[in-house]
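The values are calculated or read from the model by the stated rules, or taken from the named source; none is laboratory data. Worth saying up front: this structure is predicted, and the values here are computed from it rather than measured. Note: ideal-geometry Cβ built from the backbone for every residue, glycine included; neighbour counts use all protein chains shown.
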Amino acid sequence: MALWHSWECRGLFWDGAYFLLEIVRAEGFLDFGPDPGRRYAMAVVEIPVVVAIWLDVSDLHWLARWWSLGMFGVPTTLYTLAVLRARNEPVLLAATIAAVAMVFMTTSFFIVGEYNTAHAAAILAAVWLATTSRLVVKPGIVLVLIAVLALRSYETFVFLGPLLALMTCWTIWRASSRPALAAGLHAGAAVLFLGAATLQACNLIYADDEPYLAYVLAHRWDFQWNRQLALVVTAASVVLAWGLVRPDDLRRQRPYVWAGLLLVLIALSPLLFFLKVVVGPPYAWPQHAARIAGGGVTAVVIILMWSYAAGLGRRLPVLAVLNAPEAARRFVAFAGLMLLAMAPWDIFLTRLYAHYLQEVRTTIRAHSGVIVLEGSPLDEHPNLSQGEQWTLPSLSLILRSRPNDGIIQPPIDSRSWGEQPFLPSNPPDLGRFVWRD
């Protein structure tokens, strides 16, 4: 799915078009001066498209795919490594797959958001620590690399950073032996996780452009618009709560059947939308709004992983039951069903966005000069809901295949109108870079 999303150029969604335009104009990495708190998470996903430019690729269509592949490829790789690391521990494996379903699949349409990489790195670090029984140099190096990436990734490391630092210290404490180099690497990773929390706290409090902390707090409940996230988290909560009250039932189908009804509702989301049953709007803005909630869900999953690795299974009946082969199989299978249930809505949104890109290309090819958004097909739903209007000039410029193709002008009263990288009436010359079908 990550490869297909990249092929469909989903990385152009929202701010993605503007970022790609700036990368192309610079023919290199973006200048991160205004936002250093996310520098590493942004830089690592730009590597494929920047390398393609350095290799003289001038087709903006392919550059948009490489841009998308970088953004999808990094978190997908991190989650895949976590799954491989947890493959011999059913409870950890189920928790990892559930994290992909609850966090990545519900918030990754807004793939340009650095939180996708940050949350994947946090899950990988937690799985890595939960499966570490003795301190070894090579795993220590891996953990340090994850911590370096997390150092400048996203604001949710304000609370994810200390959590992972404590888990790292616990791993050092419980190790049967502590070779100096391996212990030093793990201790260094703990320091880096704390450093990530400190840097992100400063980024929240001392943001130059706006009181960002106040903005985050004001929008903390916007995740409710992401119906799929609410449903899949509720389904997981049903199983977890049922297991806490009646742990032996996790050996049978009953709790999974009741929770599975919610998964069926999620899987039928596209059909229910066409039947005008309220399951969520057919656009991806709620995924953008739910990014902070995704960090909270990530923290809960990490705490559950830590509790399991710390041996609470000997004291919590639910974890003891899940260690039984039959219960473990059902638990992992349900996590896999959570992931599959999210796929139809994700596919639906991708097809919708691919149609939107085609509409934009048709519009700019049919007109030259400045194109007024109002009154065009792009000013109607669902096209109107496929991205930030202020990025339309950037998207138009990227999708141009001829010099006389038009540039779409967003509404004059657009909230971010003053942030335009260029005037639609005077677009920059991209030289050798052009969109080719």
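Identify, please: which residue in the stretch 150-182 is buried (at least 17 other Cβ atoms within 10 Å of the Cβ) and small (Gly, Ala, Ser) and is, among those, nearest to Val300 (Cα to Cα)? Filtering first and then ranking leaves Gly161.
Of the residues making up the stretch 224-265, those that are outside any helix (DSSP H, G or I) and either closer than 14 Å to Leu339 by Cα or out of contact with any Gly (no Cβ under 8 Å at 6 or more places or on another chain) (or both) are Arg246, Arg252, Gln253. Applying the criterion of being hydroxyl-bearing (Ser, Thr, Tyr) and under 22 Å from Gly311 (Cβ atoms) to the residues of the stretch 107-154, the residue that is modelled with the lowest pLDDT is Ser133. If you filter the stretch 394-437 down to residues that are more than 14 Å from Thr363 (Cα to Cα) and among the polar types (S, T, N, Q), you find that the one that is modelled with the lowest pLDDT is Ser416. Within the stretch 98-141, the set of residues being farther than 24 Å from His186 by Cα and among the β-branched types (Val, Ile, Thr) comprises Val100, Val103, Thr106, Thr107, Ile111, Val112. Pro48 fulfils the conditions (1) crowded, with 21+ Cβ neighbours inside 10 Å; (2) out of contact with any strand residue (DSSP E or B) (no Cβ under 7 Å at 6 or more places or on another chain) except for a single criterion, (1). Entry remark, the stretch 314-328: residues being part of a helix (DSSP H, G or I) and within 17 Å of Trp242 (Cβ to Cβ) number 9 in total.
Scanning the stretch 338-356 for any residue that is in contact with a strand residue (DSSP E or B) (Cβ under 8 Å, 6 or more places away or on another chain), modelled with pLDDT under 90 and either surrounded by 17 or more Cβ atoms within 10 Å (Cβ to Cβ) or more than 21 Å from Val24 (Cβ to Cβ) (or both) turns up nothing. The lone criterion from (1) surrounded by fewer than 23 Cβ atoms within 10 Å (Cβ to Cβ); (2) farther than 20 Å from Asp429 by Cα; (3) in contact (Cβ under 8 Å) with a residue 12 or more places away in the chain left unmet by Gly11 is number (1). Selection of first residues in the stretch 141-161 that are under 22 Å from Val112 (Cα atoms) and of second residues that are of a type in the set (Ser, Thr, Tyr) and outside any helix (DSSP H, G or I), restricted to Cβ pairs under 9 Å at least 6 apart or on distinct chains, gives the following pairs, ordered by first then second residue: Leu160/Tyr154.
Just to be sure before I move on: is Ala267 at negative phi, over 17 Å from the mean Cα position of the chain (by Cα) and at pLDDT 85 or above in the structure I sent? Judged against the criteria, Ala267 is a match.
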